[in-house]
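Every number here is computed from the coordinates shown, using simple stated rules; none is lab data. Small disclaimer: the values here were computed from a predicted structure and weren't measured. Every residue, glycine among them, receives a Cβ derived from its backbone with ideal geometry; neighbour counts consider all protein chains shown.
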Amino acid sequence: MSDNFPPPPPEQPQPEHLPPAGAPPERPSPWAAPPGPPRKQHTGLIVTLAVGGGLVVAGAVVALVYSAMSSVEDSIALPPRSEAPYSEPYEEDSEPYEEEPYEEPYEEDPAEAAPEPTATEPDVKKDVTITACTRDPQIGWQSAKVKVVNGSSTTASYHIGVEFLDKDGTKVADGVTGVVDLGPGKSVVEEIHGLGEVPQGTTCRLVDLTRMPTGD
């Protein structure tokens, strides 16, 4: 071949053959190769990785919180550290510790009660005597006459009781009287009557004698 021939013209793009308007779509040839499988999308993989990563992060946060809470509980449970200086262990050769005897706490002596004044006044029984003990023959009532002499140093009032006893010593009646504001050394006679009839031979006995100072 001679080098004087011109080069062939470039290939021109052929226009695509378009079906006429209104024509039915062309059916694929039964002899054509089947289309390739569609490409799998990666969306499901991305979602799975995102969820897995979130679970890993959440687990790490929970573990960190649990560790912190355990540390706080341990610090609370531990007793406070003693600041006392370290002491050496007890040695058997050292002298045994002797406990001091227990002494009861000192109590102040209670204030001594003021001594009661000694009774310098005579007994009230010495101030009252029975001068008469008689039975009324008409109504059978018993009566007694008593003499009161104030042997104390102050004006006093008296309460005097008399019992009337039968021959067996059984009380069959009684009575009372009183003397008001009897001066020192003064005397008075009072009559006491029993209530009710008594047998003959009834005797009289003083009871319930009381002297109450009523003046200086």
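Report the net charge of residues surrounding K147, where surrounding means a beta-carbon distance below 11 angstrom and charges are Lys +1, Arg +1, Asp -1, Glu -1.
Result for the neighbourhood of K147: -2.
Subtracting the Cα-Cα distance from 0.36 nm times the residue separation, let me have the gained length for H159 to T177 in nm, one decimal.
Computed gain between H159 and T177 is 5.9 nm.
What is the calculated FRET efficiency for D166 to D123, with r their C-beta to C-beta distance and R₀ = 30 Å, to the nearest 0.05?
0.60
Output ³J(HN,Hα) for the stretch 164-176: one whole-Hz value per residue in order, computed from phi by the Karplus curve 6.51 cos²θ - 1.76 cosθ + 1.60 with θ = phi - 60°, and x for Gly and Pro.
10, 10, 7, 5, 8, x, 8, 5, 10, 6, 7, x, 9
Between D136 and T214, what's the calculated FRET efficiency when r is the beta-carbon distance and R0 is 30 Å? Round to 0.05.
It comes to 0.35.
Provide the per-residue ³J(HN,Hα) series for the stretch 197-211, in order, calculated from phi with Karplus coefficients 6.51, -1.76, 1.60 and θ = phi - 60°, each as a whole number of Hz, with x at glycine and proline positions.
Residue by residue, the stretch 197-211 yields 6, 10, x, 5, x, 5, 10, 10, 9, 6, 9, 6, 8, 9, 10 Hz.
Suppose the Debye formula is applied to equal point scatterers at every Cα of the stretch 148-216; what is log10 I(q)/I(0) at q = 0.16, 0.17, 0.20, 0.23 Å⁻¹?
-0.59, -0.64, -0.77, -0.90
On full extension of the chain, what length is gained from V56 through V149, given 0.36 nm per residue of separation minus the C-alpha to C-alpha distance?
Length gained between V56 and V149: 21.6 nm.
Hey, which lysines would be in cross-link range of K145, C-alpha to C-alpha under 26 Å, not counting anything within fewer than 8 residues on its own chain?
Output for K145: K125, K126, K167, K171, K186.
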